[in-house]
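Colleague: Shown below is the structure under consideration.
The values are calculated or read from the model by the stated rules, or taken from the named source; none is laboratory data. Note that the structure is a prediction, hence the values are computed from the model and not measured. Every residue, glycine as well, gets a Cβ built from its backbone with ideal geometry; the counts of neighbours run over all protein chains shown.
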């Protein structure tokens with residue numbers, strides 16, 4: 001009996017142990033280990049992404065610049081594909097049989113059970129035909145997408161473009177999956193997170209053959225997409241279009257800023273291109289063509305290119321000289337051409353006249369007094385101290401800074417200090433005589449058109465500026481922060497007034513170098529510049545603001561390889577100013593001459 005009882009308890013124990021093991025296994029599988037559940041879900045459910053509409057982009061006056069148009073991706077689930085008329089599908093998509101099988105093999109390698117991209121960006125016209133025949137193509141389904149539509153065909157460098165995400169983006173941003181699109185340049189890239197919106201998900205119940213049967217759980221787990229936010233830019237579309245018209249067949253840029261707000265009214269880079277070229281299936285081919293063009297139209301010269309500023313930099317030298325006390329309003333210097341070359345003009349009796357005549361020797365001497373302060377007996381150490389003091393003041397005028405304007409690629413330029421020349425020549429082996437060309441805007445100075453336009457806005461405001469920016473509103477809300485904060489420079493307001501008087505003389509008085517910027521009913525203040533170019537013709541430069549009192553626009557114009565600033569850059573600025581303030585231009589002959597002139601150098605035309 002004892003053995004029977006022991007046997008009984010042993011059997012009960014074994015059963016209990018087995019029960020506990022089974023229970024633990026079931027608990028692990030059903031509660032702790034969700035992998036089987038996921039696998040089951042994947043086999044019974046299909047999740048399709050619902051892509052949101054991308055935010056629209058408007059100009060400052062409500063003109064629609066960028067919209068969306070319907071496009072479709074043709075997806076394939078290889079497992080569901082049966083025999084069908086492949087030639088019919090190839091004709092619908094305008095592809096070859098060879099292309100069909102290459103795409104089919106790609107989808108099979110990706111997954112036989114999941115939908116994968118067979119043909120992207122089916123146009124609305126193609127889809128109209130394809131839709132009628134979809135019943136004949138088992139295993140294929142259509143996923144709705146949108147493509148950008150750049151309605152005005154302008155402002156390519158501002159707006160940018162949208163393209164397929166690369167591996168780097170996929171690895172760093174979990175929002176994207178393969179085949180998604182993202183902003184590649186311009187505001188499309190900078191404001192990508194605002195413009196892209198949020199994806200939605202539609203979950204379907206599928207059978208063992210991966211055929212859609214119904215909505216899963218009556219849509220309980222579906223999510224709606226959230227559309228992207230709309231942007232309102234600061235640019236004036238009409239002024240932008242006009243600037244691109246004037247710069248046709250020229251290499252250079254125009255940057256126009258509203259001084260009272262820092263809003264960029266126009267940002268032209270020439271040559272430009274139609275932004276619609278970088279939309280759709282031909283984007284890759286068109287991009288390759290643009291990048292291989294000799295004139296390099298993809299470069300945003302307004303913010304990325306830098307140049308010696310030439311004589312327009314004399315305005316900064318004058319302001320610093322006045323602030324540092326080495327220059328008085330009526331200080332005179334002889335036009336000594338033995339120091340630096342100059343053109344014939346009357347005596348420069350004071351700062352305003354020196355600006356009016358753009359006297360090189362005058363600003364040579366002003367810069368010399370700024371650099372050689374007599375602080376040290378050694379001219380090398382003295383020049384080093386003086387140059388660093390000068391650089392601090394130049395930087396305070398907004399140079400040597402990459403402004404956060406709302407598009408990527410802004411260049412900070414180059415304002416050389418003592419460290420720069422120590423590396424170039426060796427410490428204590430350079431002095432004023434080595435660097436004197438900085439005083440007339442040459443040498444190692446590198447300034448962008450954006451920086452020169454903002455500097456002109458500082459003069460227009462008599463000593464302050466707002467951070468230049470390209471976006472005014474996001475979804476109707478004003479963009480604030482640094483864009484709405486005044487930045488004051490450490491200079492006396494009276495010195496800016498004196499410089500503005502000189503700029504007024506440049507345009508409106510006899511012997512002024514900016515005669516071609518004169519407008520009868522608008523008091524324009526400007527300054528010409530001719531930057532030496534060791535590789536060809538000099539660059540033509542002009543900066544201006546208008547009207548003198550309560551200015552509405554500050555502008556910088558650069559025309560590469562065009563020669564004297566007063567001949568080409570000044571009249572372009574004049575036309576832009578008059579067009580913006582008056583809504584039309586009075587001199588149609590000048591407009592025609594500027595627009596029709598081809599100033600692209602023979603060197604570029606004949607480049608291999």
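Per-residue answers, yes or no, for (1) assigned to a helix (DSSP H, G or I); (2) touching a strand residue (DSSP E or B) at 6+ places or on another chain (Cβ under 6 Å); (3) farther than 25 Å from residue 51 by Cβ:
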position	(1), (2), (3)
154	no, no, yes
171	yes, no, no
176	no, no, no
188	yes, yes, no
204	no, yes, no
221	no, yes, no
232	no, yes, no
248	no, no, yes
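Colleague: Counting only residues that are within 17 Å of residue 266 (Cβ to Cβ) and in the same structural domain as residue 352 (by TED's automatic domain parsing), give me the strands (runs of 3 or more DSSP E) lying completely in the stretch 481-589 with at least 2 of them.
Modeller: Numbers: elements: 486-488, 525-531, 539-546, 553-559.
Those strands (runs of 3 or more DSSP E) span 539-546, 553-559.
Colleague: Take residue 393 and decide whether it is outside any helix (DSSP H, G or I), in the same structural domain as residue 528 (by TED's automatic domain parsing) and either closer than 30 Å to residue 508 by Cα or at pLDDT below 95 (or both).
Modeller: Details: outside any helix (DSSP H, G or I): no; in the same structural domain as residue 528 (by TED's automatic domain parsing): yes; either closer than 30 Å to residue 508 by Cα or at pLDDT below 95 (or both): yes.
When the stated conditions are applied, residue 393 does not pass them.
Colleague: Could you tell me whether residue 496 is within 26 Å of residue 469 (Cα to Cα), over 27 Å from the mean Cα position of the chain (by Cα) and at pLDDT 95 or above?
Modeller: Criteria met by residue 496.
Colleague: Tell me the residue from 261, 253, 272 that is farther than 28 Å from residue 70 by Cβ and either within 15 Å of the chain's Cα centre (by Cα) or part of a helix (DSSP H, G or I) (or both), please. Give the steps one after another, and end with the answer.
Modeller: Values: 261 fails: either within 15 Å of the chain's Cα centre (by Cα) or part of a helix (DSSP H, G or I) (or both); 272 fails: farther than 28 Å from residue 70 by Cβ.
253 is the lone residue from the list that is farther than 28 Å from residue 70 by Cβ and either within 15 Å of the chain's Cα centre (by Cα) or part of a helix (DSSP H, G or I) (or both).
Colleague: Of all residues in the stretch 440-449 being modelled with pLDDT of 95 or more and buried (at least 22 other Cβ atoms within 10 Å of the Cβ), which is nearest to residue 565 (Cα to Cα)?
Modeller: This residue is 449.
Colleague: Next question. Residues to consider are 571, 547, 551; find the one that is surrounded by fewer than 21 Cβ atoms within 10 Å (Cβ to Cβ), within 20 Å of residue 509 (Cα to Cα) and at pLDDT 95 or above.
Modeller: 547
Colleague: Is the stretch 502-519 home to any residue that is over 24 Å from residue 587 (Cβ atoms) and surrounded by fewer than 24 Cβ atoms within 10 Å (Cβ to Cβ)?
Modeller: Within the stretch 502-519, not a single residue is over 24 Å from residue 587 (Cβ atoms) and surrounded by fewer than 24 Cβ atoms within 10 Å (Cβ to Cβ).
Colleague: Does residue 229 qualify as being surrounded by fewer than 22 Cβ atoms within 10 Å (Cβ to Cβ), at pLDDT 95 or above, touching a helix residue (DSSP H, G or I) at 6+ places or on another chain (Cβ under 6 Å) and within 27 Å of residue 121 (Cβ to Cβ)?
Modeller: For residue 229, the condition - surrounded by fewer than 22 Cβ atoms within 10 Å (Cβ to Cβ), at pLDDT 95 or above, touching a helix residue (DSSP H, G or I) at 6+ places or on another chain (Cβ under 6 Å) and within 27 Å of residue 121 (Cβ to Cβ) - is met.
Colleague: Which numbered condition in (1) under 20 Å from residue 287 (Cβ atoms); (2) in a loop (DSSP other than H, G, I, E, B); (3) at pLDDT 90 or above is the only one that residue 138 fails?
Modeller: The one condition residue 138 does not meet is (1).
Conditions tested, residue by residue: (1) surrounded by fewer than 22 Cβ atoms within 10 Å (Cβ to Cβ); (2) in the same structural domain as residue 559 (by TED's automatic domain parsing).
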site: 245; (1), (2): yes, yes
site: 255; (1), (2): no, yes
site: 266; (1), (2): no, yes
site: 290; (1), (2): yes, no
site: 304; (1), (2): yes, yes
site: 309; (1), (2): no, yes
site: 323; (1), (2): yes, yes
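Colleague: Another question about this same structure. Residue 277 - would you say it is free of Cβ contacts under 8 Å to residues at least 24 places away in the same chain, in contact with a helix residue (DSSP H, G or I) (Cβ under 8 Å, 6 or more places away or on another chain) and farther than 19 Å from residue 539 by Cβ?
Modeller: Spelling it out, residue 277 is indeed free of Cβ contacts under 8 Å to residues at least 24 places away in the same chain, in contact with a helix residue (DSSP H, G or I) (Cβ under 8 Å, 6 or more places away or on another chain) and farther than 19 Å from residue 539 by Cβ.
Colleague: Of the residues in the stretch 590-599, how many are assigned to a loop (DSSP other than H, G, I, E, B) and either in contact with a helix residue (DSSP H, G or I) (Cβ under 9 Å, 6 or more places away or on another chain) or more than 24 Å from residue 441 (Cα to Cα) (or both)? Give the steps one after another, and end with the answer.
Modeller: Of the stretch 590-599, the ones assigned to a loop (DSSP other than H, G, I, E, B) are 597-599.
Narrowing the set further to residues that are either in contact with a helix residue (DSSP H, G or I) (Cβ under 9 Å, 6 or more places away or on another chain) or more than 24 Å from residue 441 (Cα to Cα) (or both) leaves 597-598.
Qualifying residue count for the region: 2.
Colleague: Right, next: Of all residues in the stretch 156-167 being assigned to a loop (DSSP other than H, G, I, E, B) and out of contact with any helix residue (DSSP H, G or I) (no Cβ under 9 Å at 6 or more places or on another chain), which is nearest to residue 188 (Cα to Cα)?
Modeller: Filtering the stretch 156-167 for residues that are assigned to a loop (DSSP other than H, G, I, E, B) and out of contact with any helix residue (DSSP H, G or I) (no Cβ under 9 Å at 6 or more places or on another chain), the one nearest to residue 188 (Cα to Cα) comes out as 165.
Colleague: Considering only residues that are part of a strand (DSSP E or B) and out of contact with any strand residue (DSSP E or B) (no Cβ under 7 Å at 6 or more places or on another chain), which ones fall in the stretch 67-97?
Modeller: Residues of the stretch 67-97 that are part of a strand (DSSP E or B), as a first pass: 67-76.
If the condition is that a residue be part of a strand (DSSP E or B) and out of contact with any strand residue (DSSP E or B) (no Cβ under 7 Å at 6 or more places or on another chain), then no residue fits.
Colleague: Every residue in the stretch 404-459 that is farther than 19 Å from residue 385 by Cα and assigned to a helix (DSSP H, G or I), please.
Modeller: Residues satisfying the conditions are 440, 449, 450, 451, 452, 453, 454, 455, 456, 457, 458, 459.
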